[in-house]
1. Run residue B:23 past the list (1) in contact (Cβ under 8 Å) with a residue 60 or more places away in the chain; (2) farther than 15 Å from residue B:87 by Cβ; (3) crowded, with 24+ Cβ neighbours inside 10 Å and report the number of the one that doesn't hold.
2. Counting only residues that are surrounded by fewer than 24 Cβ atoms within 10 Å (Cβ to Cβ) and touching a strand residue (DSSP E or B) at 6+ places or on another chain (Cβ under 9 Å), which one in the range B:111-124 is farthest from the other protein chains (Cβ to nearest Cβ)?
3. If you take just the helices (runs of 4 or more DSSP H) that sit entirely in the range A:258-317, which of them hold at least 2 residues that are over 24 Å from residue A:123 (Cα atoms), under 19 Å from the mean Cα position of the chain (by Cα) and in the same structural domain as residue A:213 (by TED's automatic domain parsing)?
4. Within the range B:35-70, how many residues are away from chain A (no Cβ under 12 Å), under 23 Å from residue A:71 (Cα atoms) and in a helix (DSSP H, G or I)?
5. Considering the range A:60-97 alone, what residues qualify as being at the interface with chain B (Cβ under 7 Å from one of its Cβ atoms), in contact with a helix residue (DSSP H, G or I) (Cβ under 7 Å, 6 or more places away or on another chain) and under 19 Å from residue A:30 (Cα atoms)?
6. Among the strands (runs of 3 or more DSSP E) contained in the range A:1-101, which hold 1 or more residues that are more than 22 Å from residue B:143 (Cβ to Cβ)?
7. Determine whether residue A:208 is free of Cβ contacts under 8 Å to residues at least 12 places away in the same chain and either in the same structural domain as residue A:126 (by TED's automatic domain parsing) or in contact with a helix residue (DSSP H, G or I) (Cβ under 7 Å, 6 or more places away or on another chain) (or both).
8. Hey, can you tell me all the residues within the range A:30-59 that are at the interface with chain B (Cβ under 9 Å from one of its Cβ atoms) and in contact (Cβ under 8 Å) with a residue 40 or more places away in the chain?
């Protein structure tokens, strides 16, 4: 088994901030818009370095999305910043018409996704955003797993021509992917080779999947681990190859099972290689207040839940 | 000096285009389109600094965004007659496989369109974004946009209106088509918006009115006045008083023709009131 080391817990939103800071220096067409959450989104450095390219729109997300669409006309690459809830559900029609249908090169950068937002509770913990965004034609949907990967993804989406939804979070989590690694949109990352079951995870659940694989290894079960940072376009080929090899899969995500990564994987498998699949995801529910760890445990979004699901999937082979 | 007679002749032809587009497919929005014919002709023929051809980025030229996308028939007619695409293509309005969708879109690649609109209330925000980019690019050209009056019931507008004044977006002229009508009736009956001039002023905009928005000379004079007020650290709002269905007696002063096509007989009567000037497509 490959060993992955946590180099020190960091929040993925800080990875976004670091990426945006670097982009500010390397790409003068990058502009940033924020709806009164500059500190929470870690956009302070960009604002400090490039005040003329930073646009504080106030608590007015609909206007922010429309402005971002308009700013692309003339060659700018707008990055919008607010919480995932206010980046999607609140502004769905603005994104749909002015950005997605209009084919605008806007990067919707969404922090505090999922239950790990914590104590603020369900009003702020969106578990439906991946589904909302992946349903929009032409929208690229990315959910990164750690600080390093979020930074790399931020840099990569600036080079991609078209609308992108980049989802990340608030809590400090294990930072284990390569520093300054490459980020290929739409390409799964093979973290572990295995033969009995494939664990397909996104976002904060990727580290949990690695922990689960270790635990399973201890019990004599060989688990393959795929890090799916890009939910759309999905890396069909890697998923099918893995399913053919191991014969069953577990998907894991901090999102409702309806509309999430799991459903995207299920569609690919149903069409091309029907395979037993178990879902680690929230069960069509809202979140609640609590610490991130408490919530991940309560909603069954951890290594233990993945191990259990893996055994179930294997039994269904 | 603008040749008013020539522009008025084009307006009559645009009215015919609107009526014939909507009649042919038995759907679309003639009322608001007819009311804004003078505005569109004045804008594209006299006001806007435009380059030949079409580029999405529109660098070095004035840009226009239509927020109330349902008045696409007037937009398409004036775009075609201003050289953006063949006038014959108006025949395809709302048909399958057409670039002339029910509501304007960039999705089918129609030259002249820079953003999709139809779901209301989004145009001012997009226009502000484009205006900010003009400033970043040191591009000294203007952004124009048109909104319906009923459309101002959408909250996003007021986010945008607040932003534009606070951020001194002074390369922007927002025109409001004040025809006083919306789908369910008059704006006064559906949701009165009170003193719009006062509201824009209170938000920090420079507001002017064109009392007769269906008089070409008055529209031109008002738009030129609006243009002269740009560059003064304040966004400019034009309240354009128009008559819905203008130029067709049975369509005027009512919301009934907001989204309804004339039948054969009605078309004949409407066209008879607007004799061909530049030639039908």
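1. Unmet condition: (3).
2. In this case the residue turns out to be B:112.
3. In the range A:258-317, the matching helices (runs of 4 or more DSSP H) lie at A:261-272, A:303-315.
4. Residues flagged as away from chain A (no Cβ under 12 Å), under 23 Å from residue A:71 (Cα atoms) and in a helix (DSSP H, G or I) within the range B:35-70 amount to 3.
5. A:63, A:66, A:67, A:68, A:69, A:70, A:71, A:73, A:74, A:76
6. A:30-34, A:77-83
7. no
8. Correct list: A:31, A:33.
The values are calculated or read from the model by the stated rules, or taken from the named source; none is laboratory data. Keep in mind it's a predicted model, so treat the numbers as computed, not measured. Quick reminder, even Gly has a Cβ in these numbers, built from the backbone with ideal geometry, and neighbours come from all protein chains shown.
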